[in-house]
Amino acid sequence: MTPPDPNRRAFLKSMGASAAALSATATAAGDESSRSAPSAPAAEILWGERQDGQQSFILDPLQRERSLPNEPLFGRCLGPLATGRGEYRFATGRTELTPMHPLTVGGCYDFTWTYFPEQQALPVGAVVAFSIPRSWTQPRLEGPPSGLVSVSRSVAEKFDVRLTHNANMSWWVVVRVVGKPEPADGWIRIDAGQMCVQRFPQDWFGNWRNSMRTAVDVAGKGDYAFVRAAKTDKPVIRSAPPERFHLAAPAVAVPGEMIEVRAAAVDYCNNPAWPSPQGEVFAATVDDPYTPIASAVLSAEDRGCVKLRVRVPENVDHFPVIVSSRDDMLRGETAATVIDADSAALNVYFGDIHAHTMLSDGLKTPTAFFEHARDVALLDFAAVADHNHSEASRLEGPFVSQMTDEAYAKTQQACEAMNEPGRFVTIQGFEQNLIQGHPGHRNVYFRDVCPGLFRGRTLDELYAYLKGHKALVVPHHHLIWGCRPHLGNPEYERIIEMYSMHCSSEVRGTPINDGATTPSKRESGVSAREILDRGDRVGFIAASDNHNGSPGLSARPSRFTNIPYQGGLAAVLAPDLSRESVFDAMYARRCYATSGARIYLDFRLDGRLMGSELKIAPGTALAYDVTISGTDRIAKIELIQAGREGTVWTYDGSRYVRLRGELEFDKSTWTYVRVTQADRQMAWSSPIWVDVVPG
């Protein structure tokens with residue numbers, strides 16, 4: 001293991017004149033001192049004003065897209081169906097797609113869509129509109145060949161063509177018949193060259209909001225009918241070959257014990273690899289990578305998933321493991337397991353409790369959803385949070401304004417069947433879109449069994465529905481879309497989902513939000529820091545909000561391109577892996593958020609865990625203790641408080657850091673830890689609240 005870099009400490013010492021003299025003892029990767037007796041020199045906390053709202057740079061996955069007009073077809077003909085208005089009408093004919101052989105995620109192909117009217121000629125002025133998934137290459141009518149669209153008819157006649165889109169759901173190529181009618185035995189064809197498909201597998205296109213349709217408006221007045229799904233070719237998109245091992249190991253272990261390291265073969269987009277690899281797999285330590293410490297053999301039946309048992313060494317404070325295939329084509333490295341001689345120490349468990357299945361606007365069955373969470377993402381816990389709203393409508397009906405009881409029963413059945421305490425835990429819940437007077441969405445989770453879906457519309461009705469149940473109501477993406485989360489009832493409202501594939505909602509000016517190119521995502525809501533500033537005492541979790549049926553680890557962007565970032569994870573500090581312990585940890589705010597990496601984060605004040613509340617006299621100094629085991633080199637560790645933020649660690653190449661020091665409190669405040677890695681992965685602890693009480 002690499003020894004600590006003395007340059008870092010020299011730098012911090014040189015900055016001491018401008019820093020508050022609050023000492024922090026640091027233990028970095030390579031120190032052999034135990035957690036209870038660090039012996040490294042002191043560092044300084046470099047305090048400054050909080051940098052809220054100062055956005056100088058953003059990660060923008062959609063920066064290359066060109067602006068297109070919105071297609072009114074969806075809002076006029078499809079949107080009203082979920083509220084009982086309008087009629088879904090079928091058009092005559094069929095649509096053929098080539099190629100129809102299985103496609104590979106992210107692959108680039110030349111496509112042809114051909115509509116055959118068959119039973120009815122298309123008069124002059126008729127319109128045929130072809131939808132293409134928004135997660136495919138944006139079509140264009142001129143310029144470079146990637147996505148370049150051309151149109152032809154069976155008769156050598158004119159046509160008008162325009163490109164539109166439905167927000168984050170579909171591209172549309174809209175063709176109007178000009179000159180002479182298109183005969184019933186004719187065709188209209190679009191060719192799209194060098195078009196890259198989505199980065200996640202899919203073999204079902206039955207969602208109401210996001211599918212591949214051909215819409216036909218015979219009169220040309222905006223009143224569309226739709227070619228039947230059974231007569232519309234849809235592709236089969238498969239995962240790519242194996243690219244690496246995704247790994248998981250226990251976050252905390254006792255010296256000398258045997259632990260289980262889990263590995264899943266994934267492709268370059270984080271999908272389960274296809275075909276699944278076979279052959280010998282071995283584990284080794286980072287300081288002796290050519291000496292196997294465990295091995296196993298992958299067979300076709302394992303579907304790329306393998307477990308290896310390794311022994312934790314006696315004389316180190318953290319322990320990463322490398323897993324490789326014997327042919328040296330697949331590799332992976334775990335986050336370092338923290339070694340703690342206290343066998344009663346809380347472990348850290350990772351999960352994703354906000355993602356969607358085919359029962360609303362996602363993919364996969366609930367059972368396949370949980371299998372991905374357990375066997376591919378290697379999560380410890382998961383929840384399906386399908387929309388209790390119009391998203392539960394199907395491609396050709398039924399169209400509903402809320403999920404049906406029959407559909408939700410399938411989720412509950414899968415949830416109970418897949419719950420296996422000690423191995424993998426499931427939590428029952430759902431996403432509630434609408435609460436009058438409180439724009440934004442929230443998820444509802446239960447410690448035991450959900451009593452059935454909520455059927456009200458007001459906050460009072462929600463509280464009445466929850467009465468008598470141990471439950472959590474968790475708002476998400478609260479920085480955008482004008483969200484106004486309700487957080488005034490601490491019986492249920494105790495944590496917030498402050499990061500997901502949508503964006504980071506930690507602070508205004510975040511670099512992880514593409515509001516500049518997606519206007520609906522501008523920062524019109526409220527940030528996590530603003531929520532804390534106004535006095536709401538909430539802990540932090542993260543999730544994916546993935547719509548591919550792939551919680552915890554997935555390709556990006558998801559099926560809806562306004563959710564383009566890597567999905568986050570919730571981490572809980574719990575005594576064991578059970579539904580009750582995971583829920584209780586979140587309820588106690590003994591939890592934290594990550595941007596998707598399995599970063600270990602333990603933050604304590606005066607020995608009290610994150611999520612705690614302390615009462616002290618003015619001027620009291622409290623000892624703090626921060627332990628980080630990263631998945632990459634740690635770039636920065638910060639303490640965030642009301643009104644200020646302080647850097648307590650800067651880059652020196654370490655992945656494991658232990659910090660100790662003191663904070664003096666003259667007034668009441670909250671404090672949380674923010675960790676940034678060199679690979680831009682992040683973690684945010686839940687706050688600890690200190691109430692300064694005179695006398």
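The table below gives the values:
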read-out: Region 248-309: GluC sites (Glu not before Pro) falling in loop per DSSP and having at most 13 other Cβ within 10 Å; value: E257
read-out: Span-rule helices in the chain, defined as complete DSSP H runs reaching 15 Å or more along the axis (Cα) with Kyte mean at least -1.0; value: 405-418
read-out: With all protein chains modelled, accessible area of T620 [1.4 Å, Å²]; value: 40 Å²
read-out: Where only C-alpha atoms are counted, convex hull volume of region 192-287 per residue in Å³; value: 200 Å³
read-out: Hull volume in cubic angstrom per residue (convex hull over the Cα atoms of region 339-413); value: 103 Å³
read-out: Sulfur and carbon atoms: percent of accessible area, region 174-294 [1.4 Å]; value: 51 percent
read-out: Rel. contact order, % - alpha carbon contacts under 8 angstrom, at least six apart, region 159-217; value: 26 percent
read-out: DSSP-loop trypsin sites (Lys or Arg not before Pro) across region 391-484, with at most 13 other Cβ within 10 angstrom; value: R423, R455, R457, K467
read-out: The chain - share of DSSP beta bridges that are antiparallel (%, nearest 5); value: 85 percent
read-out: Alpha-carbon centroid distance for the pair region 629-695 / region 116-137, whole angstrom; value: 56 Å
read-out: DSSP beta bridges in region 278-432 [antiparallel fraction, %, rounded to 5]; value: 75 percent
read-out: Ellipsoid semi-axes in whole angstrom, largest first, where each is sqrt(5λ) of the Cα gyration tensor of region 200-242; value: 29, 10, 8
read-out: Residue-normalised accessible area of the chain, given per residue in Å² at a 1.4 Å probe; value: 38 Å²
read-out: Hull volume in cubic angstrom per residue (convex hull over the Cα atoms of region 568-618); value: 96 Å³
read-out: Normalised contact order of the chain, rounded percent, pairs of Cα under 8 Å and 6 or more residues apart; value: 13 percent
read-out: Overall dimensions of region 311-436 by Cα: Rg and Dmax, Å; value: 19.4, 63
read-out: Two-site FRET efficiency, E280 against S154, from Cβ-Cβ distance with R₀ of 60 Å, rounded to 0.05; value: 0.55
read-out: Answer label for log10 I(q)/I(0) by the Debye sum over Cα atoms at q = 0.06 Å⁻¹ (calculated), chosen among (i) -0.52; (ii) -0.38; (iii) -0.57; value: (ii)
read-out: Pairs from K158/K221; K410/K470; K307/K470 whose Cα-Cα separation, in the structure shown, is over 25 Å; value: K307/K470
read-out: Neighbour cut-off at most 14 other Cβ (10 Å), DSSP loop, chymotrypsin sites (Phe, Trp or Tyr not before Pro), region 188-277; value: W204
read-out: Taking only Cα atoms of region 365-470, radius of gyration then Dmax in Å; value: 14.5, 42
read-out: Rounded percent of accessible protein surface that carbon and sulfur make up, region 438-554, 1.4 Å probe; value: 52 percent
read-out: Helical contribution to [θ] at 222 nm, DSSP H n ≥ 4, -39,500 (n - 2.57), averaged over the chain, rounded to 500; value: -2500 deg cm²/dmol
read-out: Percent of beta bridges antiparallel (DSSP, region 71-205, rounded to nearest 5); value: 95 percent
read-out: Compactness of region 507-648 as Cα Rg over 2.2 N^0.38 Å, two decimals; value: 1.18
read-out: Among 553-565, 307-319, the order from most to least packed when residues are scored by Cβ within 10 Å on average; value: 553-565, 307-319
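The values are calculated or read from the model by the stated rules, or taken from the named source; none is laboratory data. In this text the structure is predicted, and so the values were computed from the model without any measurement. All Cβ positions, even for glycine, are placed from backbone atoms using ideal geometry, and neighbour counts span all protein chains on display. Side chains included, ligands, DNA and RNA excluded: accessible areas come from the protein's heavy atoms. Shrake-Rupley method; radii C 1.70, N 1.55, O 1.52, S 1.80 Å.
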